[in-house]
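Report on one structure; see the data block that follows.
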Amino acid sequence: MLAGCRRLLAAPGLDVRVLQCQPLPGGLSGSVLERCSLQVHDGAIDRTLILIHKRGAVVAGAFLRGASQREAWVYHSLRPHIPLTLPDIVAVDVDQGDIWMVPFAASKPGNHWSAAWDRDDVEQSLQDLARLHHHFWGQTAALAQHSWLARPIGRDAEALLADARAGLSALQAASAYDAVLTPAIVQQWLALAYQPQPLLDELRAAPATLLHGDAGFQNIAITKKRHRRIWYDWQLAAIGPAVLDVVTFLHPWAYPQARPPLSLPEMAELYQQAIRQTGISLEQTAWMRQLDAALLWRWLSQWAPLLGLYRQRLRNDVRERLYQVFTKVHWPALQRWSRART
């Protein structure tokens, strides 16, 4: 961190005299955020420097395994190659997953559940996403050199499936059913978890690219001045089909508090338009199948373990919000998938 501060201020002789940190609200990954005030001394000059410290976290489960270190590696190794605006990073510790960054400029209001965005914000962010995907489109060999990137439908698929099966089986064993997670729905998901090959085949048929991994509005800060879009929280950065990022963009807009400026199908169409403008063509029928496959895979890998194995982490209000997304987005995808195979 000291070396990073010296680089930031172009002051090789700088020393830190006082360091005081206060906790900030974190996300759902388990990482601890702190706002740190540093009293620094450079020769005869004393000044105050404010930094945000994101501490690496150890979280149980395949979905977030190694997430903190992965984000640190993105900033350490991939940052110069990513065609998006990323946070101003002062220092990273790739072994511990610790990150020090400059605070964002004043940004549009937002949190995990809603964002004060207009249509243009959505469109510009989807163009960012298409630009990221185009930049790395089909570059599997080059991306494979970064062994720390997640492979959700490749190397990591079996571990993710094992957690999904365990979570769904735990729901069955505890009879943890309700109006949304009915026995029939849980059984459908469990059958899919034990016969995932058609799902994986659909996703693996698409070219691979670099994925942000959690490309929702909760991880994009839009500054009030100049409307710069800062993409952060790269803990789930991965190699995989672009559609996996598209469904993570759509997901938070389905929360009841989100107030989306346009519908989810319209957002998906805007992404298609943006990726076509880069010269990449998406066949419509295959794209729609891949969207459903991505929705199902994300639910199995993220939400099935959380609901079954780590249910105690969910507050009732959080569960209610998730359920509304599931019934609006994921359950219909499950029914479409099942009908197409009967």
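Just so it is clear, none of the values below were taken in a lab; they were calculated from the coordinates. Everything numeric in this text was worked out from a predicted model, so none of it was measured. Methodologically, a virtual Cβ is constructed for each residue, glycine included, from the backbone with ideal geometry; neighbour enumeration extends over all protein chains shown.
Given axes a ≥ b ≥ c from the Cα gyration tensor, I'd like to know whether the stretch 162-237 is rounded (a/c under 1.5), prolate (a/b larger than b/c) or oblate.
Oblate, since a/c reaches 1.5 and b/c is not below a/b.
Going by C-beta contacts inside 10 Å, put Tyr75, Tyr194 in order with the fewest on the left.
Tyr194, Tyr75
Between the stretch 164-224 and the stretch 87-102, what is the separation of their alpha carbon centroids in Å?
Going from one Cα centre to the other spans 30 Å.
Given only helices, namely DSSP H runs of n ≥ 4 each adding -39500 (n - 2.57), what is the per-residue ellipticity at 222 nm of the chain, to the nearest 500 deg cm²/dmol?
-12000 deg cm²/dmol
Excluding residues fewer than 8 places away in the same chain, name every one of the lysines whose C-alpha is closer than 30 Å to that of Lys328.
Partners within reach: Lys108.
Please determine, in degrees from 0 to 90 and to the nearest 10, the orientation of helix 316-325 with respect to the longest principal axis defined by the Cα atoms of the chain, where the helix direction is its Cα long axis.
Helix 316-325 and the main axis of the chain meet at about 60 degrees.
Quick one: order Thr48, Thr209 by neighbouring beta-carbon count within 10 Å, fewest to most.
Going from least to most buried by this count: Thr48, Thr209.
Given axes a ≥ b ≥ c from the Cα gyration tensor, I'd like to know whether the stretch 103-219 is rounded (a/c under 1.5), prolate (a/b larger than b/c) or oblate.
oblate
Relative to the longest principal axis of the chain, what angle (0 to 90°, nearest 10) does the C-alpha long axis of helix 157-173 take?
The helix 157-173 is inclined about 60 degrees to the chain.
Can you put His133, His76, His53, His81 in order, fewest other beta carbons within 10 Å first?
So the residues, fewest neighbours to most, are His81, His76, His53, His133.
Apply the Karplus curve 6.51 cos²θ - 1.76 cosθ + 1.60, θ = phi - 60°, to the phi angles in the stretch 267-283 and return the couplings in whole Hz, x for Gly and Pro.
Ordered by residue, 3J(HN,Hα) equals 5, 4, 5, 4, 5, 4, 4, 5, 6, 5, 5, 7, x, 9, 9, 10, 6 Hz.
Against the longest alpha carbon principal axis of the chain, how many degrees, from 0 to 90 and to the nearest 10, is the axis of helix 284-298 turned?
Between the helix axis and the principal axis of the chain, the angle is about 70 degrees.
Using only Cα atoms, locate the centre of the stretch 299-342 and the centre of the stretch 1-77, then give the distance between them in Å, rounded to an integer.
If you average the Cα positions of each part, the centres end up 34 Å apart.
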